[in-house]
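> Pasting a structure below so you can have a look.
A short reminder: the numbers here are calculations on the coordinates, not readings from a lab. Everything quoted here is computed from the prediction, not taken from an experiment. Glycine gets a Cβ as well: all are built from the backbone with ideal geometry, and neighbour counts include every protein chain shown.
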Amino acid sequence: MAETVTGGRQMIDTERKALLYRATRERTSRLVPELTEAQLATVSPACPKWTVQDILAHLVGGAADIVSDNLDISIPDEWTGKQVRDRRGRSVAKLIDEWDEVGPQVERIINDGAHRSWIVRNLYLDSGQHEADIRAAAGLPRPPDELLWRTSLEALSTAITRAMNEHGTVTVRAGAGEYEWGAGNVIASLEVEPYELCRGLFGRRSRRQMLEWEWRGNPEPIVDLLPRFPARSTDLVD
């Protein structure tokens, strides 16, 4: 029987976080050089301001900023946008070379577990979603990493429970994982694929799509409380 993850603070070991980040980095580093020029220039439906190559530039630039401690993210779009702008015109090979240099340093920072930034300590969340964004835009299968999605859901449990506040509890079965988010009486139950749930929680699904998941009870009062990024205005299937 699966252990139920509740909304208390989740203690995910730092080695697992570092290994998940490394896995997404290595898969993406192998994948992107094999893409065609047309695929690299494809605008990502999940990140419509960026092409596939721009997403790679963000992943590389984010790692470089962590290593150099350039973490003024008071305006997140400006911070990430500069990572992309600074690397425009660089070849995929040059971007991968830079990631090969800074990526292992980031993994050591994550494994140390002492960094002040929650985002840095859980960087696999960002790299995992963007790996999925790249694959979807390029017309390729989903990332083959169930541990990535399960750990992502564990990591978000505290924040979702906090967002639920006094709205009650939602119980979730996602693959082999079971989750209880919120407090008090159960007002809705959900069964959904881990990948699909993660995409919704990271703003890659519309409200309509999330309401069409397999719910018991009425999700209307709480569905907007679940995503950590705003839901899309249009549907996205990947």
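> Determine the gain in length on full extension of the stretch E101-D72; use 0.36 nm per residue of separation and subtract their C-alpha separation, reporting nm with one decimal.
Additional length available on full extension: 8.2 nm.
> Report, in deg cm²/dmol and to the nearest 500, the calculated mean residue ellipticity at 222 nm for the chain, where each DSSP H run with n ≥ 4 adds -39500 (n - 2.57) and the sum is divided by the residue count.
Value at 222 nm, helices only, nearest 500: -15500 deg cm²/dmol.
> What number comes out for the charge environment of P141, summing +1 per Lys or Arg and -1 per Asp or Glu over other residues with Cβ under 12 Å away? Don't skip to the end; give the middle numbers.
Working: positive: R27, R135, R142; negative: E131, D145, D238.
Net charge in that neighbourhood comes out at 0.
> Okay, next question. Enter the angle in degrees (range 0 to 90, nearest 10) between the Cα long axis of helix 52-67 and the first principal axis of the Cα atoms of the chain, meaning the one along which they spread out most.
The two axes meet at around 90 degrees.
> For the chain, modelled as a GNM with alpha-carbon contacts under 10 angstrom, which of P227, P33, P76 fluctuates the most?
Comparing P227, P33, P76 in a Gaussian network model of the chain, the most mobile one is P76.
> Please enumerate, by chain and number, the lysines with C-alpha under 18 Å from the C-alpha of K94, excluding those fewer than 8 residues away in the same chain.
In chain and number order, the partners are K82.
> Rounded to the nearest 10 degrees, what's the angle between the helix 14-31 long axis and the longest principal axis of the chain, both from Cα atoms, 0 to 90?
50
> Along the charge dipole of the chain, pointing to its positive end and built from +1/-1 on Cβ of Lys, Arg, Asp and Glu, which listed residue (P143, L201, W50) has its Cα farthest out?
Towards the positive end, the residue furthest out is W50.
> Compute, for the chain, the length of the dipole vector about the Cα centre, with Cβ point charges of +1 (Lys, Arg) and -1 (Asp, Glu) only. Units Debye, rounded to 20. Can you show the working numbers first?
On the way: 30 positive and 37 negative charges, 59 e Å.
Charge dipole of the chain: 280 debye, to the nearest 20.
> Excluding same-chain residues fewer than 8 positions from K49, which aspartates and glutamates have a Cα within less than 15 Å of its Cα?
By straight Cα distance, K49 reaches D77, E78, D133.
> May I ask for the net charge around E131, where only other residues with Cβ less than 13 Å from the Cβ of E131 are counted and Lys, Arg are +1 while Asp, Glu are -1?
With Lys, Arg at +1 and Asp, Glu at -1, the net is +3.
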